[in-house]
Structures are given as structure tokens and as C-alpha cells.
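Here's the structure we're looking at; comments come further down.
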Amino acid sequence: MGAGKKIKHTAETAKGKVKETTGKSVGNERLIAKGKAEQIKGDVAQAGQKTKDAMKH
């Protein structure tokens, strides 16, 4: 996996975690859901990239 893409996906996951935590702190269900969605999106993107890398070998 390219370092740039890995950093991007990891950052997206971390940003989602921050949104989820902030949403829990202020009681905002929409922000919690948005944060969880971003985490899932980042995790899926990382998994997809790892699969691509595995197929190259």
C-alpha cells in the first residue's frame, strides 16, 4: 500500500473517531453516526488497498 494512501485512510478513520466522540460528548446522534460512517469508510478503503497489494504478489 502506498504510504500516502495509508496515511489518508488512517486519517479518515481517526477523524471519524473524533466526530463520534464529540457527538457523544454533546449528545448529537447525527454527529455520532457521521463519525462511525467515516471510520467504516476508512477501514474499508484500507482493506481494499491491502487486497490490491496482495494480488500484486
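Counting Lys and Arg as +1 and Asp and Glu as -1 over every other residue whose Cβ lies under 14 Å from the Cβ of ALA11, the net charge comes to +4. Net charge dipole, the chain: roughly 140 debye, given to the nearest 20, about the Cα centre with Cβ charges of +1 for Lys and Arg and -1 for Asp and Glu.
Can you list the aspartates and glutamates whose alpha carbon sits under 16 Å from that of LYS17, skipping same-chain ones fewer than 8 residues off? Candidates past the 8-residue exclusion: GLU29, GLU38, ASP43. When volume of the Cα convex hull per residue in Å³ is calculated for this entry, the matching label among (1) 60; (2) 129; (3) 45 is (3).
We did not get these values from a lab; they are worked out from the coordinates using the rules stated. Since we're looking at a predicted model, the values are computed, not measured. As a convention, Cβ positions derive from the backbone with ideal geometry for all residues, glycine included, and neighbour counts pool all protein chains shown.
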